[in-house]
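Report on the following structure.
FYI, it's all coordinate maths here, none of it is from the lab. Nothing here was measured: the structure is a model prediction, and the numbers come from that model. Methodologically, a virtual Cβ is constructed for each residue, glycine included, from the backbone with ideal geometry; neighbour enumeration extends over all protein chains shown.
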Amino acid sequence: MMRGYIHFADQLSASIGKAFSWCIVVLMGGTCYEVVMAYVFNAPTLWNFDFSLQMYAAIFMMAGAYTLSTEAHVRGDVIYRFFKPRTQGWIDLVLFIIFFFPGVIALVFYGYEYAALAWKIKETSWNSPAQINIYMAKTFIPLAGLTLTIQGVSEVFRCIICIQTGHWPARMVSAEETEKILMRKSQQEDQTDVI
C-alpha cells in the first residue's frame with residue numbers, strides 16, 4: 001500500500017511539475033514581446049511586468065512537490081550523509097512531522113482563506129499601473145500546499161520503509177543532471193575500451 005501511494009504521489013508531482021514548467025515558455029514569450037515593444041516600437045506595456053511575476057509565482061509554487069519528489073531541495077547534509085539509512089529515515093521522519101507538515105497544512109488552510117477572499121473581492125494588484133487581476137494567481141497558494149502535503153505523505157512512507165528495511169525506496173527519475181549522464185557515458189566508454 002505504501003509503495004503504491006509513493007508511486008501515485010511521485011507520478012502526480014512529476015505531472016504537475018512538468019505541466020507548470022511550460023510557464024517558462026510563456027514567460028519567455030512575454031519577455032520577448034516586451035523587449036520588442038519597448039525597444040523596437042518604443043511602446044512598452046503596462047501589464048508585462050505583473051504577468052512575469054505571476055508566471056514566476058506559478059512555477060515556484062507548483063514545482064515544490066516535484067522538487068521534493070526528486071530530492072532537489074537544498075539540504076544541509078554535511079553530517080546526515082554519514083549516517084546509516086535507518087538513522088536517516090528516523091531523522092527525516094521526525095523532521096517531516098515537526099517542521100514540514102505544520103507549515104504545508106497551514107499553507108493549505110490559510111492559503112485557502114486568503115485565496116477565497118481574493119476571489120470574493122476580485123482582487124487586483126495595488127502596486128500595478130495596469131491593475132492586473134491577482135486573485136487567480138493566489139489560488140496557487142493552497143494548491144501548492146495540497147500538492148506538498150500529498151508528496152509529504154509519500155516521503156513519510158519512504159522513511160517508514162527505510163526504517164523497516166534499511167534501504168531507501170527507489171525514486172522515479174524524470175530528469176538527470178547532465179554531469180551525471182556524461183560521467184556514466186564516460187565510464188561505459190572506458191569499460192568498452194578495456195574489453
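Structure notes:
- For the chain, adding -39500 (n - 2.57) for each run of n ≥ 4 DSSP H residues and dividing by the number of residues yields -23000 deg cm²/dmol at 222 nm.
- Candidate lysines - alpha carbon under 25 Å from K84, same-chain residues fewer than 8 apart omitted: K180
- Full extension of the segment from V36 to V153, taken as 0.36 nm per residue of separation minus the current Cα-Cα distance, would add 37.5 nm.
- Reachable lysines, given that their alpha-carbon falls under 24 Å from the alpha-carbon of K120 and they are not under 8 places away in the same chain: K138
- A Förster distance of 30 Å, applied to the separation of the beta-carbon atoms of M172 and L53, puts the FRET efficiency at 0.45.
- Eligible aspartates and glutamates near K122 by straight Cα distance, threshold 12 Å, same-chain separation 8 or greater: none
- The chain: proportion of alpha-carbon pairs further apart than 31 angstrom, %: 37 percent
- If R0 is taken as 41 Å, the Cβ-Cβ distance between E189 and N133 corresponds to a FRET efficiency of 0.15.
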